[in-house]
Amino acid sequence: MLESRHRGAVVAVDGDGRTLFAVGEMEAPVFPRSACKAMQALPLVESGAADAYGFGAEALALACASHSGEPEHVALASEMLAAAGRDVGALECGAHWSNNQATLIEQARTLEKPNALYNNCSGKHAGFICACCHSGNDPAGYVGYDHPIQREIRSVISHLTGAILGRDNCGIDGCSIPTYAVPLKGLARGFAKMATGIGLEPLRASASKRLIDACMAEPFYVAGTKRACTRLMKTAPGRIFAKTGAEGVFCAAVPEKGIGIALKCEDGATRAAEAMVAATLARFFADEPEIHAALMAQANRPLRNWNGMHVGDVRVSAPFTA
């Protein structure tokens, strides 16, 4: 018997913007939330801050991350801030406990309460602060709509997605920075551009490739232990980029095939978004049975209760398997 049903939309495009696969309304605006963090990290690289502070792939991946607050994530975010002469006090993202149960239990054992370094967005925010410091901008108030770093990010996302961004389609994300509603196809096109460099000037194309490559090389720093983003990128190392966002959003890319993907589960369910992105990615590995099967196993997966009994299954619908 069918217990729950999730509806959504997904679109995959190539670097020229041609639609390769679509289900649902792909022109409807959605808030990408954390799924577009790689776009938001571009000023860190384009400004020269990443090179000036000696950031390698791990730090760049963390700048694009929604991490689990594991010790490695927290330590690296602190190191990024220290490189710019700042500390946790500069972060304006707020603080929260980990969403990963094992990490949360360890935090509860060892911390009175988490500070902002434990926020899943601390790497992104550390990147903002570093970009500000390197460019000579005071990072204070960097989460504000009118701060120079947010103006630059607004320009970057508009350039990549083709969307007009302003106060009328702006919301506030969980970590306090502006987030903008843009058409799903625009998001997919933006990631196809980042993955291929098509339509981008050399500096942005190079910075985009560097960030995407860093995430694929260091998937743990993009998410964490047993997280969907990490698992998807490990399924085909160096070939899949994937990044989740709150409220059932996912963006992904297959750089070697020049493909960008964006999707939204209407009810905001993460479990459905994870199934949708795995099945969509699997379509583009149909000629590689092992990778295809591994991705479809993440799309169609068993549900087990606390005794380990198989009690149900998550399944994608027919359009994803056709």
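The values are calculated or read from the model by the stated rules, or taken from the named source; none is laboratory data. These numbers were taken from a predicted model, which means no experiment stands behind them. Every residue, glycine among them, receives a Cβ derived from its backbone with ideal geometry; neighbour counts consider all protein chains shown. For accessibility, only protein heavy atoms count, side chains too; no ligands or nucleic acids. Shrake-Rupley method; radii C 1.70, N 1.55, O 1.52, S 1.80 Å.
Quick notes on this one:
- The Cα center of the stretch 183-215 and the Cα center of the stretch 116-176 differ in position by 18 Å.
- Of the options (i) 19.6, 64; (ii) 18.3, 56; (iii) 18.8, 60, only one is Rg and Dmax of the Cα atoms in Å as computed from these coordinates, and that is (iii).
- Percent accessible area from carbon and sulfur atoms, the stretch 169-319, protein chains only, probe 1.4 Å: 54 percent
- From most to least packed by mean Cβ count within 10 Å, the peptides 279-289, 153-163 give 153-163, 279-289.
- Theoretical ellipticity at 222 nm over the chain - DSSP helices of four or more residues, -39500 (n - 2.57) apiece, nearest 500: -12500 deg cm²/dmol
- Per residue, the convex hull spanned by the Cα atoms of the stretch 165-322 amounts to 144 cubic angstrom.
- With 27 Å as the limit, the listed pairs Lys193/Lys226; Lys113/Lys209; Lys124/Lys193; Lys124/Lys209; Lys113/Lys264 have Lys193/Lys226; Lys113/Lys209; Lys113/Lys264 beyond it between alpha carbons.
- Cα-projected label distance for Ala57 with Met309, points at 7 Å along beta-carbon direction, nm: 4.5 nm
- Size of electric dipole in the stretch 8-320: Cβ of Lys, Arg +1 and of Asp, Glu -1, about Cα centre, debye, nearest 20: 500 debye
- Calculated accessible area for the chain comes out at 42 Å² per residue, all protein chains present (probe 1.4 Å; ligands, DNA, RNA ignored).
- Working from Cα pairs under 8 Å separated by at least six residues, relative contact order for the chain is 22 percent.
- Packing, taken as the mean count of other beta carbons within 10 Å per residue, orders the peptides 71-78, 15-22 from highest to lowest as 71-78, 15-22.
- Of the Cα atoms belonging to the stretch 113-180, the radius of gyration and Dmax stand at 12.6, 42 Å.
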